[in-house]
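Structure, as structure tokens:
The values are calculated or read from the model by the stated rules, or taken from the named source; none is laboratory data. Owing to the predicted nature of the structure, the values given are computational and were not obtained by experimental measurement. Don't worry about glycine lacking a Cβ; one is built from the backbone with ideal geometry, like all the others, and counts go over all protein chains shown. Please note that ligands, DNA and RNA were not included when accessible areas were found on the heavy atoms of the full protein model with its side chains. Shrake-Rupley method; radii C 1.70, N 1.55, O 1.52, S 1.80 Å.
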Amino acid sequence: MVTIKVAQLPLLKLPLTPYTLASPSLGLLLVFRTNSAYRRWDEARKAWGLIINNSRNIARMGTAWINEPNEEVRRKKLDRLSKCIWAFPRSLSRHMESPFTAEADYVADLRDRLDPEHADGLIQAAHRPNRALFDLTTAVNDLSMHALRRNEIDKSIVVLGDQKGASERLFSSPVPLFYTRHTARFLTIWMLLLPFGLYDSFNSTYNHLGMIPCAAILAIFLFGIEELAFQVSVKEAFWSYNRRNDRGPSCRF
């Protein structure tokens, strides 16, 4: 009778101590990543809020303070002012998007809303938000009103320029790529090795199968936090403006 001995491979398992020591570091990385993304999102939304509020202020002051006895001329000047106000946030929202997307929609909106000469000037401009601010300034200067009142309107235009710069800063300065990659690598390795640390904890389940759904649920929530930080970005703040109000802030009375 021949007896064959089969070599038994050692169990592939790890103690939970390394996971316990690494968990605070992983938690700090995820918290910092999420907080940074939310802080940028909130800053971008505040910038858009100031743009919308000051756009409405310009329309309100221009409509209330214009001193034009000819009703037809008054209507034309205010209509031009309204279009120039609309053109700035629309141009800025396009400026915050990829140069390879949404160009056709932007051009179609300008052609539909603005005069041909006005639309062509914006479309061909090297920096469209700056051109839109220039057009808005000339429209305000064309209004017949006291110089002090025109200066008050110009203060709101200055705020629009400041928020344009803030938006560009946020859009062009994302969270450093090496930090994002380090967090993703840390989390991936941590989750790949987690089943080996959970092996002994699920002795009571058949063939330790309980660790599979446990690891899967943890992966869903932890990777979900990383995905949340990716989605709650400055682009989301800018894009939400177009999705909810693609015609620009209300600037008519």
task = Could you point to the label whose value was computed as volume of the Cα convex hull per residue in Å³ for the structure here, given (i) 188; (ii) 237; (iii) 176?
result = (i)
request  = Determine the gain in length on full extension of the stretch residue 217-residue 73; use 0.36 nm per residue of separation and subtract their C-alpha separation, reporting nm with one decimal.
outcome  = 45.2 nm
task = First measure r as the distance between the Cβ atoms of residue 193 and residue 127, then evaluate 1/(1 + (r/R0)^6) with R0 = 41 Å and state the FRET efficiency to the nearest 0.05.
result = 0.25
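Under the rule of -39500 (n - 2.57) per DSSP H run of 4 or more residues, summed and divided by the residues of the chain, what mean residue ellipticity at 222 nm is obtained, to the nearest 500 deg cm²/dmol?
Numbers: 9 runs with 188 residues, N = 253.
Taken over the chain, the calculation gives -25500 deg cm²/dmol.
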task = Mind checking which of 217, 198, 139 is farthest towards the positive end of the chain's charge dipole, using Cβ charges of +1 (Lys, Arg) and -1 (Asp, Glu) about the Cα centre?
result = 198
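Express the relative contact order of the chain as a whole percentage, based on alpha carbon pairs under 8 Å and six or more residues apart in sequence.
Working: 214 pairs, mean separation 104.3, N = 253.
Relative contact order of the chain: 41 percent.
Between rounded, prolate and oblate, where does the range 20-126 land on the alpha carbon gyration tensor, with a ≥ b ≥ c its root eigenvalues, rounded for a/c under 1.5, else prolate if a/b exceeds b/c?
Details: a/c = 6.13, a/b = 2.14, b/c = 2.86.
Because a/c hits 1.5 or more and a/b fails to exceed b/c, the range 20-126 counts as oblate.
In whole percent, how big is the carbon plus sulfur part of the accessible area of the chain, probe 1.4 Å, protein atoms only? Write down the numbers at each step before the final one.
Working: 9300 of 15110 Å².
Heavy-atom surface of the chain belonging to carbon and sulfur, 1.4 Å probe: 62 percent.
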key: Residue-by-residue Karplus 3J(HN,Hα) for the range 15-28, coefficients 6.51, -1.76, 1.60, Hz, glycine and proline x   = x, 7, 4, x, 5, 5, 6, 7, 4, x, 5, 5, x, 5
